[in-house]
Amino acid sequence: MIRIGKISYWHVHAWDYTKQAQEHPEAEIVAVWDENPERGKEAADKQGVTFYASLDEMLAQDDIDAVIVDAPTRMHREVILKAAAAGKHIFTEKVLAPTLQEVNEILHAVNENKVKLTVSLPRLNDGYTLAIRDILDQELLGKVTLVRVRLSHNGATAGWLPEHFYSLEDCLGGALIDLGCHPMYLTRLFLQQEPVEVNAEFGYVTGKEVEDNAVATLSTPSGAVGIVEAGFVNNFSPFCIEVHGTDGTILYGTPNEKLLIRTTRKEEFKNDWVELPVAEARESAFQQWIGHIQEDTNADENLAFAVELTKLMEAANQSAREHRGVRLSDLQA
């Protein structure tokens with residue numbers, strides 16, 4: 001049984017990961033620490049586990065094997081470095097950290113202390129992602145020329161997103177770094193190459209401290225372009241994916257959850273749009289993390305995308321702030 005200490009209930013998905021741990025037959029939550037003691041004690045009491053007012057004290061416990069990190073983004077480096085130094089395996093909400101420099105510090109600590117780290121990038125494991133990857137591996141679209149992924153909800157306009165998600169100090173950004181993480185890593189995946197430069201534009205529709213409407217474009221060495229869109233200000237904006245190539249196109253979620261293809265690379269897909277089956281989702285990032293701990297393996301692909309995600313987010317934030325394109329090679333490592 002892997003015994004888990006929960007680091008914070010700040011994030012909106014904190015209870016989702018708690019539930020995943022509770023439902024996993026080989027994991028259990030045994031302790032809670034929170035930078036907000038009242039919230040942390042309430043969460044611990046609800047589960048009947050120990051609340052620690054001191055993170056250092058919780059991490060010093062020999063009967064805790066691992067931690068789930070849902071602390072504010074600004075605290076990720078601090079709490080993850082402490083957990084790694086204490087020899088605890090780590091599962092964390094995205095982003096791993098807001099800057100490449102902090103990510104590299106974290107990865108160094110994880111490797112030095114031989115702990116298993118996995119980042120929650122859930123849409124990498126969804127069936128439509130797996131199906132699109134297979135299509136691209138078969139080169140059914142020819143050379144990829146444009147990828148567009150959009151994810152938006154009405155959290156700011158309808159008022160259901162927690163107020164602390166509009167704190168620039170805690171979140172280090174808004175719609176793009178929170179919700180736009182998913183379109184960002186999917187766009188990077190489907191481009192099949194590392195972007196060279198990022199240009200981003202942020203909008204402040206509801207007048208919050210952080211952006212609630214965002215677009216980022218990614219340029220690549222081949223000339224393919226990625227478009228990442230995210231927002232907190234839309235009632236009926238479906239999650240959607242477009243992947244265009246020299247010979248064909250894939251569409252998903254425009255607006256129905258169907259995967260459509262049309263391409264000259266295959267006779268049966270040439271004359272009209274054809275719906276393809278969506279693959280079964282693979283096991284969740286949390287389940288993969290438990291497996292890495294048990295089998296002494298590493299989340300190599302997951303961490304590679306986590307590093308890329310931070311690079312793209314750091315560049316996008318800098319681009320929006322300075323109103324210019326930011327090259328990934330210029331980021332401080």
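The values are calculated or read from the model by the stated rules, or taken from the named source; none is laboratory data. No experiment lies behind these values; they were computed from the predicted model shown. We place every Cβ from the backbone using ideal geometry, glycine too, and count neighbours over all the protein chains shown. Protein only, heavy atoms only, side chains kept; ligands, DNA and RNA dropped before computing areas. Shrake-Rupley method; radii C 1.70, N 1.55, O 1.52, S 1.80 Å.
What are the ³J(HN,Hα) values, in whole Hz, obtained from phi via the Karplus relation 6.51 cos²θ - 1.76 cosθ + 1.60 with θ = phi - 60°, for each residue of segment 320-333 in sequence order, with x given for Gly and Pro?
Values, residue by residue: 5, 5, 9, 6, 7, x, 10, 7, 4, 5, 8, 5, 7, 8 Hz.
Mind grabbing the accessible area of Ser8 for me, 1.4 Å probe, Å², rounded to tens?
Per-residue accessible area (Ser8): approximately 0 Å².
Taking all protein chains together and a probe of 1.4 Å, list Asp16, Asp178, Asp247 from the most accessible to the least accessible.
Final ranking, largest accessible area leading: Asp16, Asp247, Asp178.
How tilted is helix 127-137 with respect to the longest principal axis of the chain? Cα atoms for both, answer in degrees (0 to 90, nearest 10).
Around 50 degrees separate the two axes.
Measuring with a 1.4 Å probe in the full set of protein chains, what accessible area per residue, in whole Å², belongs to the chain?
On the way: 14380 Å² over 333 residues.
With all protein chains present, the chain gives 43 Å² per residue.
Helix 76-85 sits at what angle to the longest principal axis of the chain, using alpha carbons and giving 0 to 90 degrees rounded to 10?
On a 0 to 90 degree scale, this one is about 60.
If Lys and Arg each add +1 and Asp and Glu each add -1, what is the summed charge of the other residues whose beta carbon sits under 12 Å from the beta carbon of Lys311? Don't jump to the answer; show the numbers that get you there.
Details: positive: Arg188, Arg327; negative: Glu102, Glu194, Glu197, Glu308, Glu314, Asp330.
Result for the neighbourhood of Lys311: -4.
Calculate, in nm to one decimal, what Gln22 and Asn125 gain on full extension: separation in residues at 0.36 nm each, minus their alpha carbon distance.
Details: separation 103, 0.36 × 103 = 37.08 nm, distance 2.06 nm.
Taking Gln22 through Asn125 to full extension adds about 35.0 nm, to one decimal.
Net charge within 10 Å of Asp70 by Cβ-Cβ distance, Lys/Arg positive one each and Asp/Glu negative one each, not counting Asp70 itself? Intermediate values should be presented prior to the final figure.
Numbers: positive: Lys6; negative: Asp16, Asp34, Glu93.
Residues close to Asp70 contribute a combined charge of -2.
What is the sum of charges around Glu211, taking Lys and Arg as +1, Asp and Glu as -1, for the other residues whose C-beta is under 14 Å from the C-beta of Glu211?
On the way: positive: Lys208, Arg321; negative: Asp178, Glu201, Glu209, Asp212, Glu229.
That works out to -3.
Per-residue ellipticity at 222 nm for the chain, helices alone: DSSP H runs ≥ 4 residues times -39500 (n - 2.57), over residue total, nearest 500 deg cm²/dmol?
On the way: 12 runs with 118 residues, N = 333.
That comes out to -10500 deg cm²/dmol.
Using a cut-off of under 14 Å, list every residue of segment 180-199 whose amide N is near the label point 7 Å from the Cα of Glu322 along the Cα-to-beta-carbon line.
Hits in segment 180-199 for Glu322 at 14 Å: 197-199.
Please calculate the 1.4 Å probe accessible area of Trp15, with all protein chains present, and give it to the nearest 10 Å².
Approximately 100 Å² of Trp15 is accessible to the 1.4 Å probe.
Ignoring ligands, DNA and RNA, please state the percent of accessible area on the chain from carbon and sulfur, probe 1.4 Å. Numbers along the way, then the final one.
On the way: 6510 of 14380 Å².
Carbon and sulfur together cover 45 percent of it.
Loop only per DSSP, at most 14 neighbouring Cβ atoms within 10 Å: give me the GluC sites (Glu not before Pro) in segment 218-310, ordered by residue number. Show your work: numbers first, answer last.
Details: sites: Glu229, Glu242, Glu257, Glu267, Glu268, Glu275, Glu280, Glu283, Glu295, Glu301, Glu308; in loops: Glu257, Glu280, Glu283.
When the GluC sites (Glu not before Pro) of segment 218-310 are filtered for loop state and at most 14 Cβ neighbours within 10 Å, Glu257, Glu280, Glu283 remain.
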